[in-house]
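Input: a single structure, listed below in structure tokens.
Derivation of every value follows stated rules applied to the coordinates shown; laboratory data play no part. Quick caveat: nothing in here was measured; it's all calculated off a predicted structure. Every residue, glycine among them, receives a Cβ derived from its backbone with ideal geometry; neighbour counts consider all protein chains shown.
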Amino acid sequence: MIKSDHIIKLEEILRTRSNYYCVLEYANGGSLQTLLNAKVRFPENVAKECVRQIIAGCSALYRLRVMHRDMKLDNILVHFPDLPNTEPIDPATVDLES
């Protein structure tokens, strides 16, 4: 199991007769692509923090000799720990500066 603050936790894998399902830790902000589409631009300090956290997650994988083979903004999930986890957040309403 990979333990990192920068990697979504795999909770369990479910198997049916014809499919496998991965149950992941909940990320209330959706994908980074969705957030970028809603915001168009990120302030420089926010962009730096995003890149720092992505590199930290990739570094954690690298140390375990794991490779992410489909790295793209749609596959990077965003979580806002200070916002409620009960329902998805509308990316257009998120204040990135706080």
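Observations, loosely collected:
- Using θ = phi - 60° and Karplus 6.51 cos²θ - 1.76 cosθ + 1.60, couplings along region 28-33 (whole Hz; Gly, Pro as x): 6, x, x, 8, 5, 5
- Computed from Cα atoms, the angle from the helix 44-63 axis to the main principal axis of the chain rounds to 20 degrees.
- Point-charge dipole on Cβ atoms (K/R +1, D/E -1) for region 10-82, about Cα centre, debye to 20: 320 debye
- Residue pairs, from the table Lys9/Lys39; Lys48/Lys72; Lys3/Lys39, whose Cα atoms sit over 21 Å apart: Lys9/Lys39; Lys3/Lys39
- Contact order normalised by residue count of region 10-82, Cα under 8 Å, 6+ apart, percent: 41 percent
- Virtual paramagnetic centre 7 Å along Cα→Cβ of Leu64, amide N under 15 Å, in region 10-54: 10-13, 23-25
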